[in-house]
Structures are given as structure tokens and as C-alpha cells.
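The values are calculated or read from the model by the stated rules, or taken from the named source; none is laboratory data. From a predicted model like this one, the values you see are computed outputs, not experimental measurements. Cβ placement follows ideal geometry from the backbone for every residue including glycine, while neighbour counts extend to all protein chains displayed.
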Amino acid sequence: MDGHTRAASDAAAGRTPLLLHACCGPCSLEPVKYLRQEGFEPTICWSNPNIQPIREHDRRLAVLVAWARDVAHVDVIVAADDRDAWEKGVAPKGLDRERRCRACYAVRLAESCRVARERGFRFVSTTLAVSPYQLFDACHDELVSLAAAYGITPVWRDFRPHYPESVDDSRALGMYRQNYCGCRFSAAEAALERHEARDWRKAAKAARREGRELPPRPEYLPG
Ligand code: SF4
């Protein structure tokens, strides 16, 4: 069923069609579930030219498509992935995470809003509001301003309280879960954080053993 046909059938069934930009399969589980509970019927839109290398991009897309088809029964629109635009508009921001991620959200959400308008969706949302590792406020601002520019209503929800549930549910389904956001900068940052976390755990263990004060815990370390 294509996006137009699905939109028509959902409207007929009393649900409200919504285009849901999805960053990956695991982050889509809870938004689809909770948006349906609100009366929306999501169609997923894939536009993620940020994901590097390309085999990782293709793997995440394949996981999403298989889950959408076999488990969630959600249509997936594979939209444009303009990797050149990402390199020109986002990569030069390098390790300035706030500016880089904001520009990255804009590239992906602009394409999703363009598709939404082209296909007649009145509502747009994103799974980027699930992960506590995303820049929540920056992503909100980008979605709201792009949706306004395209004449669509943004459906922004704080899905972060459902993140632990999404981890459990995706593991139960045996889904591949990546350990970095997507771009090469995030892969390097995540690797560095894993090293720092490992070093902190070692130092904390030694401090406990010797009855010393624990070293400061890295902010990003959960629990
Ligand atoms: S960390 Fe994630 S959101 Fe930020 S630029 Fe990289 S891929 Fe995009």
C-alpha cells in the first residue's frame, strides 16, 4: 500500500495519518505504539544521510523495514538521502556538537516535511525524541520551524521516558542496536566515552577498595 492509499484508508478508519521521520528501527517502536494510542496512524519516512559508513546506513534501514513490514505493519517511505548536502552543510561543524546536530536534524527533518507536504500528510513527527542522547530542545526547534515552513503541524512528544522500554522491546525482538548516533564524529565521541567510562569504573573500584572518595562520575554515564 503506498502513502496516498494508506492515508486514504486510515482517514476512512477514523485514524489520523501522520508522517513519522524514523532514525532507526529500535527508536521507532515506542513512537509508533504511543502515537497510535493517541489516534494517529504513522507512516514512516526514512531520511538519514548522516549515517556512516554506508553499510551501517543500509543495515539500520534494513532492520527498520523488516520490523515495519513484519511486526508493526507500518508503511515505510524511503526518501532522499542527500549525503553530499550532509557533507557540505553539517560535516564542517565538526566537533561543535550543538551546531552539528542542529544542522543534521534540519537536513533530515526538512526532507521529511517536504515528503509530508508532497504526499498530503497534515502531521509530522520524529523518533529522534526517544533517545536521551539526542539534543532534545534543538531537535524540537528544528521540527517546529521546518513544519511551519512547509505548512504542516508538528507532533512533538517527549518519548524519552519510554527509552528504557524501547531498549527492552528491541532486545526482545532481537533487533540490531547501534552504539553510536550515526555520523563519524558521533562514532569517535562514543568510542571516547566508552574508554572514559571504563577508566572511571576501574578508578571507582580501586577507590572503594581503598576506602577513598570516588572520582567524579562522567555526566553521560547512566545509573
Ligand atoms: S551526532 Fe547524530 S544528530 Fe549529531 S550530527 Fe552526528 S548523526 Fe547527526
request  = Take the stretch 175-200 and flag every residue that is more than 16 Å from the ligand (Cβ to nearest atom), free of Cβ contacts under 8 Å to residues at least 40 places away in the same chain and surrounded by 12 or more Cβ atoms within 10 Å (Cβ to Cβ).
outcome  = E196, A197, D199, W200
remark   = Subset of the stretch 145-169, residues hydroxyl-bearing (S, T, Y), more than 14 Å from the chain's Cα centre (by Cα) and part of a helix (DSSP H, G or I), comes to S145, Y150
ask   = Here are some conditions: (1) without any contact (Cβ under 8 Å) to a residue 60 or more places away in the chain; (2) of a type in the set (S, T, N, Q); (3) buried (at least 17 other Cβ atoms within 10 Å of the Cβ). S145 meets all but one. Which one does it not meet?
value = (3)
task = Give me the pairs, please: first residue somewhere in the stretch 94-108 and under 16 Å from A147 (Cα atoms) and assigned by TED's automatic domain parsing to the domain that holds D82, second residue anywhere and of a type in the set (F, W, Y) and in a helix (DSSP H, G or I), beta-carbon distance under 6 Å, and either six or more positions apart or on two chains.
result = V107/W86
ask   = Does G182 qualify as being outside any helix (DSSP H, G or I) and out of contact with any helix residue (DSSP H, G or I) (no Cβ under 9 Å at 6 or more places or on another chain)?
value = no
inquiry  = Checking E56 against (1) under 18 Å from C181 (Cβ atoms); (2) in contact with a strand residue (DSSP E or B) (Cβ under 7 Å, 6 or more places away or on another chain), only one condition comes out false. Which one?
reply    = (2)
message = So if I check each of R194, R212, R201, which one is in a loop (DSSP other than H, G, I, E, B) and either over 23 Å from L29 (Cα atoms) or not assigned by TED's automatic domain parsing to the domain that holds F121 (or both)?
response = R212
query = Quick check: is even one residue across the stretch 148-163 modelled with pLDDT under 95, of a type outside the set (S, T, N, Q) and under 16 Å from C23 (Cβ atoms)?
reply = no
ask   = Out of (1) loosely packed, with under 15 Cβ neighbours inside 10 Å; (2) more than 14 Å from the ligand (Cβ to nearest atom); (3) of a type in the set (D, E, K, R), what's the single condition that is false for D75?
value = (1)
